[in-house]
Amino acid sequence: DAKTTQPPSMDCAEGRAANLPCNHSTISGNEYVYWYRQIHSQGPQYIIHGLKNNETNEMASLIITEDRKSSTLILPHATLRDTAVYYCIVKPYNFNKFYFGSGTKLNVKP
Amino acid sequence: SAVISQKPSRDICQRGTSLTIQCQVDSQVTMMFWYRQQPGQSLTLIATANQGSEATYESGFVIDKFPISRPNLTFSTLTVSNMSPEDSSIYLCSGIQGGYGYTFGSGTRLTVV
């Protein structure tokens with residue numbers, strides 16, 4: 001079962017930072033936060049994951065609040081190609097099934 | 001990470017028929033999964049494809065409707081049986097290679113008429 005809450009849609013201007021929030025107020029101590037995105041007509045793509053520390057990779061940054069009840073995915077310089085549905089998922093590291101929630105449709109506009 | 005190929009990429013089928021979707025991974029994966037994505041909806045997990053044994057189905061999905069095979073660590077099939085228009089969806093397979101990340105195929109877009 002999905003344990004996360006995300007806004008259904010967001011807009012972002014091209015070149016600006018896109019900040020996508022996710023609420024996971026019932027997260028357990030052994031559950032990680034994962035982010036995937038699905039560009040239209042493609043399979044979901046892994047973006048980033050974290051437990052409690054902030055994480056950064058070449059695609060994005062993940063900011064997790066100290067109480068771990070929410071997180072924010074940051075795309076530092078959004079491009080039109082970042083238009084996609086972004087999914088926030090929580091699961092234990094050693095549990096292999098991903099259950100997707102409804103996600104956030106990010107619209108990057110020129 | 002692994003690259004997953006699915007075929008067919010799309011198909012239009014008559015109601016009452018069956019379609020088998022193939023999923024090929026370019027390297028061994030520890031686990032494989034099948035998902036359904038109905039039009040405008042998120043992904044729903046159908047089952048875990050177990051190598052050499054029967055698949056493990058999620059609530060609401062049964063083997064008679066969605067038989068799954070996984071003969072080895074790089075290949076799996078999903079059959080959508082006795083199709084109706086309600087089965088029109090995108091079907092995706094995914095695999096995990098230890099670690100943390102799922103890799104997904106690009107999906108099979110099925111239309112039942």
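The values are calculated or read from the model by the stated rules, or taken from the named source; none is laboratory data. Keep in mind the model is a prediction, meaning the values are calculated, not measured. Because the Cβ atoms are built from the backbone with ideal geometry, glycine has one as well, and the counts that use them run over all protein chains shown. Heads up: the accessible areas ignore ligands, DNA and RNA and are worked out on the full protein's heavy atoms, side chains in. Shrake-Rupley method; radii C 1.70, N 1.55, O 1.52, S 1.80 Å.
Would you mind giving the mean number of other chain beta-carbons within 10 Å of the Cβ of each residue in A:37-44, as a whole number? Before the final figure, lay out the partial values.
Working: counts 0, 6, 0, 0, 6, 5, 15, 10.
What the average comes to for A:37-44 is 5.
Test of understanding: in a Gaussian network model of chain A with alpha carbons linked when under 10 Å, which of A:GLY50, A:GLY29, A:GLY15 would top the mean-square fluctuation ranking?
A:GLY29
With 21 Å as the cut-off, how large is the P(r) tail for chain A, expressed as percent of Cα-Cα pairs? Intermediate results must be reported in sequence, preceding the final value.
Details: 1755 of 5995 pairs.
Roughly 29 percent, rounded to a whole number.
Per-residue HN-Hα couplings for segment A:83-94, Karplus 6.51 cos²θ - 1.76 cosθ + 1.60 at θ = phi - 60°, whole Hz, x for Gly and Pro?
Per residue, the Karplus-derived 3J(HN,Hα) values read 5, 5, 9, 10, 10, 9, 10, 10, 6, x, 4, 9 Hz.
Indicate, rounded to the nearest 5 percent, the antiparallel portion of the DSSP beta bridges found entirely in chain A.
Rounded to the nearest five, the antiparallel share is 85 percent.
Extension gain A:SER9-A:SER41, at 0.36 nm per residue separation less the Cα-Cα distance, in nm?
On the way: separation 32, 0.36 × 32 = 11.52 nm, distance 1.80 nm.
Length difference between fully extended and current span is 9.7 nm.
Which residue, B:SER27, B:SER89, B:SER76, has the most motion in a Gaussian network model of chain B that connects Cα atoms within less than 10 Å?
Between B:SER27, B:SER89, B:SER76, it is B:SER27 that shows the largest mean-square fluctuation.
How many partner chain Cβ atoms sit within 10 Å of a residue's Cβ in peptide B:37-44, on average, as a whole number?
Values: counts 4, 0, 0, 0, 2, 10, 11, 2.
Average neighbour count from other chains, rounded to a whole number: 4.
Determine the relative contact order of chain A: mean sequence separation of Cα pairs under 8 Å and six or more apart, normalised by residue count, in whole percent. Working shown, then result.
Values: 271 pairs, mean separation 42.1, N = 110.
Reported as a whole number, the value is 38 percent.
Using only the heavy atoms of the protein chains and a 1.4 Å probe, how would A:HIS77, A:HIS49, A:HIS24, A:HIS40 rank by accessible area, largest first?
On the way: A:HIS77 130, A:HIS49 35, A:HIS24 0, A:HIS40 155 Å².
Heavy-atom accessible area, descending, gives A:HIS40, A:HIS77, A:HIS49, A:HIS24.
Amide H to amide H, which residues 5 or more places from A:GLN42 or on other chains are under 5 Å from it, using H placed in the peptide plane?
none
Counting alpha carbon pairs within less than 8 Å and at least 6 residues apart, what relative contact order, in whole percent, applies to chain B?
On the way: 295 pairs, mean separation 42.9, N = 113.
For chain B, the relative contact order is 38 percent.
Counting DSSP beta bridges in the protein assembly as shown, what percent are antiparallel, to the nearest 5? Kindly include the intermediate steps, with their values, before the conclusion.
Details: 63 of 72 bridges.
Taking every DSSP beta bridge with both residues in the protein assembly as shown, the antiparallel ones total about 90 percent.
With label points built 7 Å along Cα→Cβ from the Cα atoms of B:ASP26 and B:SER1, find their separation and express it in nm.
Reported label-point gap for B:ASP26 and B:SER1 is 1.4 nm.
Could you give the nm distance between label points at B:SER106 and B:ILE63, where each point is 7 Å from its Cα heading toward the beta carbon?
3.4 nm
Which of the lysines could be linked to A:LYS52 by a straight reach, that is with a Cα gap under 22 Å, when you skip same-chain ones fewer than 8 residues away?
Once the sequence-local lysines are set aside, what remains near A:LYS52 is A:LYS3, A:LYS69, A:LYS91, A:LYS97.
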